[in-house]
Amino acid sequence: MTPKARKKEEKMDREFQKKFKFEGSINVLTRMMVDPAATEKRGGAKNLPLRRGEILDVIQFTNEEQILCRNSQRRYGYVPQAVMLPL
């Protein structure tokens, strides 16, 4: 990874921690897939856009309804737990 790309990732991580009031290091707990039968949704202020069959990194299980995830473009947001499938 180039130094420029590393700096950009670090900046995105700091913005995530500020926006979601997340403290500590960002660790991936597991990876899950968006249900291929789920409807695709646009992201909102804190919601991650959903694409069928996409594999997401789970950062935190926030409650029984939502999971804090990161997609392949290193964007963070909440995803409904109902549309997630274990790998």
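The values are calculated or read from the model by the stated rules, or taken from the named source; none is laboratory data. Predicted model only: the values in this text are computed from it and were never measured. Glycine also receives a Cβ, built like all others from the backbone with ideal geometry; neighbour counts cover every protein chain displayed. Side chains included, ligands, DNA and RNA excluded: accessible areas come from the protein's heavy atoms. Shrake-Rupley method; radii C 1.70, N 1.55, O 1.52, S 1.80 Å.
For a protection proxy built on the mean count of beta-carbon atoms within 10 angstrom, sort 71-79, 56-64 highest first, please.
On the way: 71-79: 16.8, 56-64: 15.1.
Most protected by this proxy first, the peptides run 71-79, 56-64.
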Solvent-accessible heavy-atom area per residue, rounded to whole Å², over the chain at 1.4 Å: 71
Cα-Cα P(r), the chain, percent of pairs per 10 Å interval: 17, 51, 27, 5
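Give me the number: length gained by fully extending R14 to N63, i.e. 0.36 nm times residue separation minus the C-alpha to C-alpha distance, one decimal in nm.
Values: separation 49, 0.36 × 49 = 17.64 nm, distance 2.28 nm.
So the extension gain works out to 15.4 nm.
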Derived scalar couplings ³J(HN,Hα) [region 61-70; Karplus, 6.51 cos²θ - 1.76 cosθ + 1.60; whole Hz; x for Gly, Pro]: 8, 6, 7, 6, 9, 10, 10, 8, 10, 10
Spacing of the two label points (7 Å from each Cα toward its C-beta) at I55 and L29, in nm: 2.0
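Ordered by packing density, taken as the mean number of other Cβ atoms within 10 Å over each peptide's residues, highest first, how do 28-39, 5-16 rank?
28-39, 5-16
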Rounded percent of accessible protein surface that carbon and sulfur make up, the chain, 1.4 Å probe: 49
Residues whose placed amide H lies under 5 Å from that of E54, excluding near-sequence neighbours: V34
C-alpha long axis of helix 3-19 to longest principal axis of the chain, angle in °: 60
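Rounded to the nearest 0.05, what FRET efficiency is calculated for Q73 and A37 with R0 set to 25 Å and r the Cβ-Cβ distance?
Working: r = 23 Å, r/R0 = 0.93.
The value I calculate is 0.60.
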